[in-house]
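A short worksheet on the structure shown next.
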Amino acid sequence: MKTERVVTIRDRKIGEGMPKICVPIVGADEKEIRAQAERIRELPADMAEWRMDCFDGVDEPDSVRSVLGTLRAILPWTPLLATFRTRKEGGNRDITAEGYRKLCAAAAEGGCDLIDVELFAGSTLPWETDAVRDGDTFFRELVETAHRCGVKAVGSSHEFHRTPKEQEILFRLCRMQALGADIVKIAVMPQRPEDVDVLLGATIRMCREYAAVPVVTMAMGEEGTVSRINGELTGSAITFGSAGRASAPGQIPVRDLKRALEMIHEKETGRKQEDSRAAGRKKNLYLIGFMGTGKSSVSGELSKRLGYRELDTDEWIEQQQGTTIFAIFEQKGEACFREMETECLRSLGKLDGTIVSCGGGMAVRQENVALMKENGVVVLLTAEPETILERVRDDDSRPILRGNKTVPFIAQLMERRRAAYEAAADITVATDRKSVGEVAEEICARMEDFV
């Protein structure tokens, strides 16, 4: 299940695929914060949340900006969410509305990627008419402050002592969306098992009927554990896991959470594939591997044998952009090109019976692998570095090898990608000293296990 919109932060697609794992940083001083951030760097986390209410220097804007600078240096590619929770919301301290305004501004200026904006931060009486009006104005101002700094706003509502009724949950999520939040989030505290059902039902309905932005929901405590792992089924886009000290009741250790999410993702992918087979769809065949392993040549032979159409992702991107891959690297950079590759795969999900020759770096990004496995079988073609060099020696269209056509460089780059390739592959075929026909024949024989 997907919302209509995906928010991209530092190559993380929030609202697409498996829920993204966010790990809290809850240190009291910069030394503790640094240590926790360095630990997160070693964990399978997609995002980090700095809980500013745990920081002793939270009242000093310069200290807040300093910590954010430290976090960015340690976690340069990790989306960073800055959050303040009051005691009523399960946090560590209280703050005035004006203090909250200044804190959000300091965080936005300090270099975070997202700011948590509490729906009722500007109102102590959230359901009286005047308070709603004043609170909405305050919330919108904080969202606009974030946007002026190029920061996304996560609209949040917390119920630390109860679970609202479904209609109230939907109302709050829709209200934050209407006020400009880029992501909307609600956390509730179940008092009985039925409360978890209310939260999950509201999540599904929000994602199906109302959401134009990613939705995040969770039920806290032990009873709410299921809400932290089944986001791919309900539509919840982010889940929070602990790395030592938790920031909310019921958080699951990150590695355990990752395993649970992957199990559900595998089951869900299998279900979708079964549905496709039942509908008579032919699986796509994704050929991955380092440049020069023979993907294009093998694709042509497989097309003859299987009657599938062919598509080359690099050619697709060149047609869409009206220029060459080399020019894209030169003018827009590799990061932009990698986004184009992901968009290409997303578009190809609508096809079936297609042999897709993928660029050499396609399988390095986990999101790309998930898209390929959702729609077909991934075949890894391999070759020794000496074979690769011989095949690409006279090819000047490979921007990554510009000025580096040597066996040691190729071997080094291949080794960096090896683990990602092997993890992505359903089938692996070595192409050294084999004809194109022999490689295609081996693939066809091994595909029988996936039909």
* Structure fact -> Within segment 310-334, restricting to residues that are in contact (Cβ under 8 Å) with a residue 40 or more places away in the chain, touching a strand residue (DSSP E or B) at 6+ places or on another chain (Cβ under 9 Å) and of a type in the set (D, E, K, R), the one that is farthest from THR354 (Cα to Cα) is ASP314
* Structure fact -> Residue set VAL216, VAL143; condition aliphatic (A, V, I, L, M), surrounded by fewer than 24 Cβ atoms within 10 Å (Cβ to Cβ) and touching a strand residue (DSSP E or B) at 6+ places or on another chain (Cβ under 6 Å); output residue VAL143
* **Any hit, segment 393-409, residues being surrounded by fewer than 17 Cβ atoms within 10 Å (Cβ to Cβ), at pLDDT 85 or above, among the acidic types (Asp, Glu) and in the same structural domain as ALA327 (by TED's automatic domain parsing)** => no
* Asked: Which of (1) farther than 25 Å from VAL6 by Cα; (2) surrounded by fewer than 18 Cβ atoms within 10 Å (Cβ to Cβ) does GLY333 not meet, given it meets every other one?
  -> (1)
* To do: Scan segment 351-377 and report the pairs whose first residue is more than 14 Å from ALA423 (Cβ to Cβ) and whose second residue is polar (S, T, N, Q) and surrounded by fewer than 19 Cβ atoms within 10 Å (Cβ to Cβ), with Cβ atoms within less than 7 Å and a gap of 6+ or a chain change.
  => ILE355/SER303; SER357/SER296; GLU374/THR269
* Look at LEU351 and say whether it is surrounded by 20 or more Cβ atoms within 10 Å (Cβ to Cβ), farther than 22 Å from ARG10 by Cα and not acidic (Asp, Glu). => no
* Out of ARG205, ARG245, ARG228, report the one residue that is more than 19 Å from LYS88 (Cβ to Cβ) and either in contact with a strand residue (DSSP E or B) (Cβ under 7 Å, 6 or more places away or on another chain) or crowded, with 22+ Cβ neighbours inside 10 Å (or both). => ARG228
* Go through (1) in a loop (DSSP other than H, G, I, E, B); (2) closer than 30 Å to PRO193 by Cβ; (3) modelled with pLDDT of 95 or more and name the single condition ARG162 misses. => (3)
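Which is among the small types (Gly, Ala, Ser), at pLDDT 90 or above, out of contact with any strand residue (DSSP E or B) (no Cβ under 7 Å at 6 or more places or on another chain) and not assigned by TED's automatic domain parsing to the domain that holds THR83, of SER303, SER297?
On the way: SER303 fails: out of contact with any strand residue (DSSP E or B) (no Cβ under 7 Å at 6 or more places or on another chain).
From the options SER303, SER297, the qualifying one is SER297.
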* Asked: Which pairs do you get when a residue that is assigned by TED's automatic domain parsing to the domain that holds ARG85 and modelled with pLDDT of 95 or more, found in segment 53-71, comes within reach of a residue that is crowded, with 22+ Cβ neighbours inside 10 Å and among the charged types (D, E, K, R), reach meaning Cβ atoms under 6 angstrom, with the pair 6+ apart or on two chains?
  -> ASP53/ARG85
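Is one or more of the residues making up segment 376-384 under 16 Å from TYR286 (Cα atoms) and modelled with pLDDT under 90?
The initial filter retains those residues of segment 376-384 that are under 16 Å from TYR286 (Cα atoms), namely 376-382.
Restricting the remaining residues to those that are modelled with pLDDT under 90 gives 376.
Within segment 376-384, one or more residues are under 16 Å from TYR286 (Cα atoms) and modelled with pLDDT under 90.
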* **ASN92, sole failed condition from (1) surrounded by 15 or more Cβ atoms within 10 Å (Cβ to Cβ); (2) closer than 18 Å to LEU114 by Cβ** => (2)
* Please state which one of GLU144, GLU209, GLU194 is under 25 Å from ARG51 (Cβ atoms) and either assigned by TED's automatic domain parsing to the domain that holds GLY99 or small (Gly, Ala, Ser) (or both). => GLU144
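The values are calculated or read from the model by the stated rules, or taken from the named source; none is laboratory data. It should be emphasised that the depicted structure is a prediction, and the values quoted were computed from it without experimental measurement. Every residue, glycine as well, gets a Cβ built from its backbone with ideal geometry; the counts of neighbours run over all protein chains shown.
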